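Below is one structure, written out as structure tokens; the observations come after it.
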Amino acid sequence: MTDTPLDHIRNFAIIAHIDHGKSTLADRLIQATGGLSAREMTEQVLDSMELEKERGITIKAQTVRLTYQAKNGQTYVLNLMDTPGHVDFAYEVSRSLAACEGSLLVVDASQGVEAQTLANVYQAIEANHEIVPVLNKIDLPAAEPDRVKQQIEDVIGLDASDAVMISAKTGLNIEGVLEALVHRLPPPKGDAKAPLTALLVDSWYDQYLGVVILVRVKDGRLKRGQRIRMMAKGSVHTVDQVGVFTPRMIPTDDLGPGEMGYITAAIKTVADCNVGDTITDDRVPATQALPGFKPSIPVVWCGLYPVDADDFEKLRESLGKLRLNDASFHYEAETSAALGFGFRCGFLGLLHLEIIQERLSREFDLDLIATAPSVVYRVHRTNGTSEELHNPADMPDPSVIDHIEEPWIKATIMVPDDYLGAVLTLCNDRRGQQADLTYVGNRAMAVYRLPLNEVVFDFYDRLKSVSRGYASFDYQMDGYADSELVRISILVNGDPVDALSFIAHRSAAEARGRSICAKLKDLIPKQLFKIAIQAAIGSRVIARETISALSKDVTAKCYGGDISRKRKLLEKQKEGKKRMRQFGKVEIPQSAFLAALKMDA
Amino acid sequence: MEPLALYIHWPFCLAKCPYCDFNSHVRERIDQHRFAAALRAELAWEAARLGRRPMASIFFGGGTPSLMDAQTVADLIEDARRLFDPLPDLEITLEANPTSVEAARLAAFRQAGVNRISLGVQSLKAESLTMLGRQHSADQAIAALERARKIFPRVSFDLIYARPGQSEAAWRAELRQALALASDHLSLYQLTIEPGTAFFTSHARGDIVLPDDDTAAALYDATAEEAGKFGLLPYEVSNYARPGSESRHNLAYWRYGDYAGIGPGAHGRVSVDGALLATRRHRAPEPWAERVERDGHGSTDEVPVASDERAREMLLMGLRLTEGIDEARFFTRTGIHLDAALDADILARALEADYLARDNGCLRATPEGRKRLDSLLGALVA
């Protein structure tokens, strides 16, 4: 099954902006080549995680082996690597691309090139891919294929004259895509007789099979029963199973050069499988490893706490299980006076954070409180030492701080001309520095340097709102720079609430302190006693609000028949207090606390 | 021995009011004889179990007890007087609706021994009576009240306020009209939305909007002010009386005294062999009657109320009263010292905020504290 000659194999990825039709095209390709029967086809086969389907995004890389009889009568193996489209998962994109020789660049024929299109296409170019432009949704009345072709040429510099015109939704010209794959992409190179080298593209934990490794064989053969060695890690394992995805997992005897597939080898955790490592034969090892990838580094951190303190162990277990599948997020135990025991968790970005949170609540049935996201600051002390800070509560006393650096990003924003002014204002308000501003037709491309701190709060939402959803956004990390940063504490009846403290630029501190106090006033329901809310930098109060006492709540009727019920209500109310969060001496309902933490600047 | 307050429940109404979550049922025909016999049988069973003891009050509640045959009321009063030791000033209250039919029977109830009547007037405004689903008109209510005052030595009636859209001025005017008709007692309830009522659904849909807490507080204060002008003082959250005319039966609940409950769905707290039993009767009228016919009683479960539970119950009842809780009595009834039942920190803050006052061996909620009693209790009860 895997003795396919190299010139009959094509390995390809599909790159696209979100919603431009990548997953739908993948589905059509699978359907057209008979990978699954019509009955087996469910919408977006490759996005198997419930969350992926719901949000229409791809989180983990996936692969599928297609068998296609081309018009020339020859049968080809087409290995499709599905890749995530979102900026947070750029790292997953880069490793997926490294396993392929070419890409389909899918662009929505009415919307044109977007920020993520650019980011991903640059990565494909960096991976030396042959790129075939595909214009999707050409059946829509708003489609402007000629304008978009021109845009691809102007913005990306790719020849789009031979772009394949399709509608993935209706299945129009899917064959054109398959033919383009066969004739326009190069076959992989490789030597079946050379020592084994296979790229470890991804790994995940399957509850029946244990760790499953996604591989791309470069040279040699990967066989069942073979003793393999991870070249960087140095560990040795025996291969239990070799196979391919059709997209169902189909075991085979081996995988030859140029092929993609999976192996299992009785490996306990994905942490043992460094993505980007090279797999070789333990007895006949290769001398040179394949080029690897840079490891992913969390850039956004937040605290995750169980709503019910009794769930702490369950949260620890669940985080452990998630980490089996996603080595890119980090966690360590921490405690908070307001929230109790929890974990400080690091993520690749905000979407990653949101996804992990949602998976914890859905797959593990956990009620969580997340503190406001924080970036990683570098604090340099007057005594010459420095440290990384990813929890505002850990900020040292200002007197021992020499200076603080904060991370910056380079953001690319594409937006229709009409909304450019609003977008530029937003970027300037967030301390942005314009690096470039160009036009393509009536769309502008703004490149800005921005402090990540200003982006993690609500930048996406604001951007969407000021551009009515038309702006697209992508970013990359762009180093650290000195900054005038202060920690703002929130005090309730004079007691600081550690989980609500945050770090902001001095210029924005007062405004944000005022706005958070005002919002807390709205969020916290009136209680038995009046409540004072203050924001302070050190001991200096910068904002203050008072929540007056509630004025009436007594039950009108209470007679002999009500007493048992009222007593039980009272007891339930006391139980409910356990689910309240303590703000000093003030108890705040969970919902208000969550809303307070979700609050933007 | 703690004197007994006896409650007798008549579970039937002509129609179900949309705000009411009491145990009431509408039937096309009611077998008066069967329910009369069952009530008498259950009373006899309860008396046998409790033994002779002093009795301070009898209260016929419902449902609509004014739909009972007067003879049944007479029989039950006579039974109770025979089975217990009635105090000389035994208070016997019957709840009545001011429809013309029921008003016509007031004299018969007086004949049966009832000495206090409580009329479910609810409003003196035609459109409000319709909204509240009442079966009587404002004129009928006024006529019934005037008649009742001629027949009974003691008369009380109920009004519901803080109705949707009701302004403070409109309520003051309606209340003044009512106070002019009142004798020595009034129950003035703010409208509340209870689960399992028609209003609950309307409220959830947004068709009924209740006033916010500030408005509700202003209406409450206005109520006390107007009632005070007529010499009716609040002795409980929603009850106003001339001093000495308080409902003795209801005071037994709020003072956490012993009370026995007879009839479908009735609750009781009775001292038996040194324990305080919480008693409960089967709620549905017909199955309750079947049980009484089969077993002599319709009791579903009877559980001793533990010391800490008694403390909570006594707190949540006692702080409704203007007089508050007598600390010595608290210890006698619960076996717990008052301070041990309270969160010391909240107690101190509540005293400082003038929500609570403590003097002469009593802990009481001030008018400001009483308005906020639900959250005060939630915080205060240890």
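The values are calculated or read from the model by the stated rules, or taken from the named source; none is laboratory data. These numbers were taken from a predicted model, which means no experiment stands behind them. Glycine gets a Cβ as well: all are built from the backbone with ideal geometry, and neighbour counts include every protein chain shown.
Take the conditions on the phi < 0 side of the Ramachandran plot and touching a His at 6+ places or on another chain (Cβ under 8 Å) and apply them to A:Ile267. Does it pass?
Yes.
Pick out, from segment B:262-359, the helices (runs of 4 or more DSSP H) lying fully within it that include 1 or more residues that are of a type in the set (Gly, Ala, Ser) and surrounded by 15 or more Cβ atoms within 10 Å (Cβ to Cβ).
B:285-295, B:307-318, B:344-352
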Self-check item: Conditions (1) buried (at least 20 other Cβ atoms within 10 Å of the Cβ); (2) away from every other protein chain (no Cβ under 14 Å); number of the one not met by A:Asp498
Solution: (1)
Exercise. Output the residue which, of all residues in segment A:324-348 that are out of contact with any His (no Cβ under 8 Å at 6 or more places or on another chain) and more than 28 Å from A:Pro496 (Cβ to Cβ), is modelled with the highest pLDDT.
Key: A:Leu348
Quiz item: Do any helices (runs of 4 or more DSSP H) lying entirely in segment B:150-229 carry at least 3 residues that are touching a strand residue (DSSP E or B) at 6+ places or on another chain (Cβ under 9 Å), modelled with pLDDT of 95 or more and of a type in the set (A, V, I, L, M), and which ones are they?
Solution: B:168-181, B:213-229
Quiz prompt | Qualifying positions in segment B:71-103 - among the hydrophobic types (A, V, I, L, M, F, W, C), under 20 Å from B:His136 (Cβ atoms) and surrounded by fewer than 19 Cβ atoms within 10 Å (Cβ to Cβ) | solution = B:Val101
Quiz item: Of the residues in segment B:299-335, how many are within 22 Å of the chain's Cα centre (by Cα), β-branched (Val, Ile, Thr) and closer than 26 Å to B:Pro367 by Cα?
Solution: 2
Quiz item: Given A:Ala168, A:Ala119, A:Ala163, which one is surrounded by 15 or more Cβ atoms within 10 Å (Cβ to Cβ), in contact with a strand residue (DSSP E or B) (Cβ under 9 Å, 6 or more places away or on another chain) and modelled with pLDDT under 90?
Solution: A:Ala119
Exercise. Give the residues of segment B:164-201 that are under 20 Å from the mean Cα position of the chain (by Cα) and within 14 Å of chain A (Cβ to nearest Cβ), sorted by residue number.
Key: B:Leu186, B:Ser187, B:Leu188, B:Tyr189, B:Gln190, B:Leu191, B:Thr192, B:Ile193, B:Glu194, B:Pro195, B:Gly196, B:Thr197
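Condition check ((1) over 25 Å from B:Met1 (Cβ atoms); (2) out of contact with any Leu (no Cβ under 9 Å at 6 or more places or on another chain); (3) in contact (Cβ under 8 Å) with a residue 12 or more places away in the chain; (4) not aromatic (Phe, Trp, Tyr)) across all residues:
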position	(1), (2), (3), (4)
B:Arg52	no, no, yes, yes
B:Ala56	no, no, yes, yes
B:Gly62	yes, yes, yes, yes
B:Leu67	yes, no, yes, yes
B:Ala74	yes, yes, yes, yes
B:Asn97	yes, no, yes, yes
B:Ala104	yes, yes, no, yes
Quiz item: What residue, among those in segment B:360-374 that are free of Cβ contacts under 8 Å to residues at least 60 places away in the same chain and buried (at least 21 other Cβ atoms within 10 Å of the Cβ), is nearest to the other protein chains (Cβ to nearest Cβ)?
Solution: B:Arg372
Quiz item: Just wondering, is there one or more residues in segment A:533-554 that are modelled with pLDDT under 90 and within 7 Å of another protein chain (Cβ to nearest Cβ)?
Solution: no
Exercise. Sort out which residues of segment A:465-485 are modelled with pLDDT of 90 or more and either buried (at least 21 other Cβ atoms within 10 Å of the Cβ) or touching an Asp or Glu at 6+ places or on another chain (Cβ under 7 Å) (or both), and write them in order of number.
Key: A:Tyr480, A:Ala481, A:Asp482, A:Ser483, A:Leu485
Quiz item: Can you pull out the residues in segment A:231-243 that are within 16 Å of A:Asp202 (Cβ to Cβ) and touching a helix residue (DSSP H, G or I) at 6+ places or on another chain (Cβ under 8 Å)?
Solution: A:Lys233
Quiz item: Of the conditions (1) crowded, with 17+ Cβ neighbours inside 10 Å; (2) outside any strand (DSSP E or B); (3) in contact with a helix residue (DSSP H, G or I) (Cβ under 8 Å, 6 or more places away or on another chain), A:Tyr205 fails just one. Which one is it?
Solution: (2)
Quiz item: Is segment B:31-43 home to any residue that is part of a loop (DSSP other than H, G, I, E, B) and free of Cβ contacts under 8 Å to residues at least 12 places away in the same chain?
Solution: yes
Practice problem: Might you check whether a residue that is more than 30 Å from B:Phe200 (Cα to Cα) and touching a Lys or Arg at 6+ places or on another chain (Cβ under 8 Å) occurs anywhere in segment B:11-32? | Solution: no
Quiz prompt | Unique residue being assigned to a loop (DSSP other than H, G, I, E, B) and at pLDDT 85 or above when the list is A:Lys294, A:Lys193 | solution = A:Lys193
Exercise. Name the strands (runs of 3 or more DSSP E) wholly inside segment A:209-284 in which the number of residues that are surrounded by fewer than 19 Cβ atoms within 10 Å (Cβ to Cβ) is 3 or more.
Key: A:249-252
Self-check item: One residue from B:Gly133, B:Gly113 being touching a residue at least 40 places away in the same chain (Cβ under 8 Å), within 26 Å of B:Ala56 (Cβ to Cβ) and not aromatic (Phe, Trp, Tyr)
Solution: B:Gly113
Quiz item: On the given criteria, is A:Gly258 over 22 Å from the mean Cα position of the chain (by Cα) and among the small types (Gly, Ala, Ser)?
Solution: yes
Exercise. Looking at (1) without any contact (Cβ under 8 Å) to a residue 60 or more places away in the chain; (2) within 14 Å of A:Ile279 (Cα to Cα), find the lone condition where A:Pro251 falls short.
Key: (2)
Quiz item: Going through segment B:202-227 one residue at a time, which ones are more than 13 Å from every other protein chain (Cβ to nearest Cβ), surrounded by 16 or more Cβ atoms within 10 Å (Cβ to Cβ) and charged (D, E, K, R)?
Solution: B:Glu226
Quiz item: Of the residues B:Val237, B:Val272, which single one is away from every other protein chain (no Cβ under 14 Å), touching a residue at least 12 places away in the same chain (Cβ under 8 Å), at negative phi and not polar (S, T, N, Q)?
Solution: B:Val272
Quiz item: What number of residues in segment B:332-351 are at the interface with another protein chain (Cβ under 10 Å from one of its Cβ atoms) and at pLDDT 95 or above?
Solution: 1
Self-check item: Any chance B:Val121 is among the β-branched types (Val, Ile, Thr) and either surrounded by fewer than 17 Cβ atoms within 10 Å (Cβ to Cβ) or assigned to a strand (DSSP E or B) (or both)
Solution: yes
Quiz item: Given the structure, is A:Gly560 over 25 Å from B:Thr223 (Cβ atoms) and either modelled with pLDDT under 90 or surrounded by 18 or more Cβ atoms within 10 Å (Cβ to Cβ) (or both)?
Solution: no
Quiz item: Do any helices (runs of 4 or more DSSP H) lying entirely in segment A:448-552 carry at least 3 residues that are in contact with a helix residue (DSSP H, G or I) (Cβ under 7 Å, 6 or more places away or on another chain) and within 29 Å of A:Leu420 (Cα to Cα), and which ones are they?
Solution: A:459-466
